[in-house]
Each structure stands twice: as C-alpha cells, then as structure tokens.
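The values are calculated or read from the model by the stated rules, or taken from the named source; none is laboratory data. All values derive from a computational prediction rather than experimental measurement. Don't worry about glycine lacking a Cβ; one is built from the backbone with ideal geometry, like all the others, and counts go over all protein chains shown.
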Amino acid sequence: MAKYIPTDPGSYINRDQRNIHIWGTSLDTSLRCLVGGCFQWLSVPLLPQTAVINGEDIEQRALTNRDIYGFVRKVLVPPDTDQLEEILVGPVHSAHGLNLPSEANFRDVVQALLETAKTGTVTDAVAEDDNPALLGQYLFFLRHRQYPTKLISVNPTLKRVIGVTRTISQPNSGSKKAPPVQQVSDSASHTSLKRKRNAVISTFRTTTRMRDALCKATGVEVPERKRGDNYHPFNVAHIYPRAWMLEVNKVLARRQYPEDLEKRISKCVSKFGNTTRNSLLLLNTMHSMFDDYQLAFGFRASQRTYKHWGYQFEQGGALGFTPGLPLYPSVVQGPPLPRNELLLFHFDTAVFTHFAGFGQQTQLQDEDEDEEEEAMGGNQDDGNASGDDEDEGDD
C-alpha cells in the first residue's frame, strides 16, 4: 500500500494534481493508506464543452462515480471472498474541507461512520452510478453483501506495479529504444531484415494515415494540399508499445492481469503489432502524452454510438486534450480499426500509472537529455545511425 505520514504532508507527492483522494480506513496503524486519487476535469466553475462529431453535437462527460469504482477495482487486490464488496464513503465533510485531516480527526471520522452504520445507515455512501464524482476526500471500506450496512475498516493491498513509462519519441521519428527484431551477424542478412521491417512499418504508417486522416484524440484534421497532405504535425502511434512487443508475456505477468486478458493481449500483439489494429493517428503532442499515459480511452458499455471515451488523470497532464469526449471516428472505415483489448490495456496501464497510490513518482527523461545521450553514442535505434526517421515510422 502507499503509506502516507500525516506529520509529513510532503510525502504525498501528487496531491496538487488531484482533487479526489481515496483513503484506507484501518485504525490499527499510525500510517494511513492512500488507495489512490485522480482529477475531476469538470470541476466548478468549468462548464462542459461540446464537440461536433459526424455532424452531431457531443457534450463533454464528467468523471463519474462508476469510473472511480472501476479505477479502485483495477488497482486493488480483490477481497478474499465474493461475499465482500468495496464501498466508498464521501466526500468526507469536516472543518478541514479538502485539506488532509489530522490523524485524530481522521480516526474520529472513521469511528463515527462505523458507529452510524450499526444503526442501519451508511452516511454519504457513494452509489456506483453515472453521476459526476464530487471533489474531496473519500474513505474505502468493505461490506458484506448480505449486510450492506455492516462496514469493515481496512487498508486494502495495491497490486504490484512495475515501471510502465515508455520512451517518448521525438517529433516525426520512431522510438529510439525499440529492440532489434532479430540478432544477426551477417551484414547482408541484417540489411535484408531491416528493409523488410521498414516496408512493414511504412505500410502500417501509410494505411493508418489513410484510415484516420485526423488526430483521434482531438479531432484536428490533416490539412490537405496539392503537393501532398501535411502530416508533419502528426504521428502514427502504437497503442501497445513497439518496444514491448518481444516481451509481451513478461510485461503482462508482472502486471497481474486476469489470465484471459493476458492471453487475448498476447494474441493481439503477436498478430496485430504493426497493423492498424494497434495504431492511432495523433498530433505530435498528443502522441507524447499518450505514451506517458497522461490521456487514455476507456470503454463505456452504456454508450451506444461511441464506446471509447477520453480520460485525463492529473490536473497538469494532457495539455490541449479535452477529456470526456469520445475517441474521434476514423474518416475512412475500410482499414481495420483499433482492437478493444489493446485500447483496454493502454487504459489500464494509465490507471496503474496515475491513479494508484501516490501516482507517477518520477519525471520523464526529456528530449534534450535524449538528444545529449544520442550525441554521446548511446540510445540508437537498432544500430541505425543513418537517421532515416522516415523509414523507421512513428511509434
């Protein structure tokens, strides 16, 4: 679990990036368990934005209570028995408002809720519905399905999370850390393999550009011009990272995904890794933030026309992106569309990265540092020192 020290508020590194915070409720320790937190993008006094998609006005949707419950279940080890279920209580109303309450105040609030529940009422229980999630502090309890007012205070266990940030590509270039497809000693064989790979990637990029013809995250269309459409501000992004394709099973095993999801993703990556089933056309800036999981597209089964909707997890993240709008539909419907399993994997990874516990703890290596390292002879892409970015494709 993420242990928060009440006497050291600075230990909660990403507190300023969140306006929703969820706490474990065990009173057996002086350390408090931070389950996770996120950012409600439609916080007062902001008003929903509207986008025109296929001639229809689509209103921006808020982060919902159902979303919060979904995040919690993704990052926590489930209860030992099916008879127990998660319940959130909040926002906690106290004189401290949105500030973190003192340890004494925290204990008083938890104990008061436990006592009130014994009378048959769970004060401020959060329903798992599509109402906008309110800003503030929430408390995590378990309860018995047959006795819904019997609360159990607990500090849940967070699933083990490994480092998930992938290398940010420079504009109009491929990932500089992608592993070689095959180790060969013969230079002619190496050249042949490289040409075959570049041909595959070139087709992958061209087909994705033709299919989407706009940024799937923002709806910005590719400008047309007589000498050739202006794709310079756009990248073709892999949904599942190209650098991870050869290690898919290792990555999935460490992330503790359900076995059936592991099998589906492994099959998808091996079959669709460099195809349009694993690609999105994005503006350069959206691509870099997509790779950092600052934005992601989650599945909403309740929506009939548009199934995948945009999410933002931190207040200072995903600049220029409007969360709460659907993934923009491709202009051409002929080439295969992205696989649901791969979008789900990216979304789950974003939740692990930015919602669980304290959230992302380290700053990404920026491009200046990447360029400096490359100038010193390191971090080259598959031994390719010729700088043929156009052949490498977009990551």
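Summary table below
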read-out	value
Subset of the range 19-54 (residues that are over 18 Å from the mean Cα position of the chain (by Cα), among the polar types (S, T, N, Q) and crowded, with 21+ Cβ neighbours inside 10 Å)	25
Given (1) at pLDDT below 70; (2) surrounded by fewer than 19 Cβ atoms within 10 Å (Cβ to Cβ); (3) outside any helix (DSSP H, G or I), number of the condition residue 261 does not satisfy	(3)
Unique residue being assigned to a helix (DSSP H, G or I) and either modelled with pLDDT under 90 or loosely packed, with under 11 Cβ neighbours inside 10 Å (or both) when the list is 57, 16, 82	16
Residue satisfying condition, being in contact with a strand residue (DSSP E or B) (Cβ under 9 Å, 6 or more places away or on another chain), crowded, with 20+ Cβ neighbours inside 10 Å and not basic (Lys, Arg), within set 345, 313	313
